[in-house]
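Structure, as structure tokens:
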Amino acid sequence: GTIFYAAFPNLGGASQQAWTIFQKELQMNPSLRAWWQHGELVGDGAKIQDSLQKFYALSQYLGDEIVISGASERGSKDSELLILAEVRKPGLRNFLQQTSQELEGKSQPGMRVVDAQELATLRDRAGAQQLKVLVRPDFVVGALSSATLRSFNAQLERKSAEFGSTAFGERLAQIYRAEGGITAAGGVDLRKIVGELPQDTAGNQKTLRETGFSD
């Protein structure tokens, strides 16, 4: 059911380097320092630094790539979102739980962090959009739907290569095999999307012909 796939590099190290360079420029550039201390961002410097430090700390737990994918089944109005990354070192679950509590304070948490055992009884809260995050020893997986999370976890347990055997998966694999390597990858399964569009009107058929997607 996957119709969208995007992979991005882990930019934690790059963000830390950029912040270090910015701090040096603040010391050397009076105009920049005046804007930072008295401009529109006055008072927000500490918040920005704290956010960047949390982002960098999170990046140290993750592998080199973060993947976001979307899936849609025929007849379903809702799309399923999935976020995936390799786990580089232990302690990620405690870090996510602590960070979530700090961000949310005493309000209703916007993220639920679970392990494989807790995933079995995880349920969606009615009327609330909550990110569910499964932390495994090898992968961390996030989804808005507990059913999506359980389904993908089952595929990981089976070491399923189902997606890679589809035409869309094979096309994405060609990108990864490209000579010289890649920094980011992405794709949309237009064949599947177009196949689910209603084509019973003259207007829709005309649009498909003009865009080149009719075949």
Taking the chain and dividing mean pair separation by its residue count, relative contact order in percent (alpha carbons under 8 Å, at least six apart): 22 percent
Global geometry of region 9-68, whether rounded, prolate or oblate, following the gyration tensor of its Cα atoms and the 1.5 cut on a/c: prolate
Carbon + sulfur, % of accessible area of the chain - ligands and nucleic acids excluded, 1.4 Å: 54 percent
Projected area averaged over orientations for the chain, convex hull of C-alpha atoms, nm²: 17.9 nm²
Filter on K24/K47; K24/K132; K159/K192; K89/K192; K54/K159; K24/K54 - keep pairs with C-alpha separation over 30 Å: K24/K132; K89/K192; K54/K159
Two-decimal log10 I(q)/I(0) for region 93-215, as the Debye equation yields it once each C-alpha is a single scatterer, q = 0.11, 0.21, 0.23 Å⁻¹: -0.64, -1.14, -1.23
In degrees, nearest ten, helix 167-176 long axis to first principal axis of the chain (Cα): 40 degrees
Surface per residue (accessible, 1.4 Å probe) for region 116-215, Å²: 67 Å²
Region 162-215 - Debye-derived log10 I(q)/I(0), Cα point model, q = 0.16, 0.19, 0.20, 0.23 Å⁻¹: -0.63, -0.75, -0.78, -0.88
Among E102, E65, E86, residue whose mean-square fluctuation peaks in a GNM of the chain (springs only between Cα atoms under 10 Å): E102
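The values are calculated or read from the model by the stated rules, or taken from the named source; none is laboratory data. Every value quoted in this text rests on a predicted model; they were computed, and no experiment measured them. Surface areas here come from the heavy atoms of the whole protein model, side chains and all, with no ligands, DNA or RNA. Shrake-Rupley method; radii C 1.70, N 1.55, O 1.52, S 1.80 Å.
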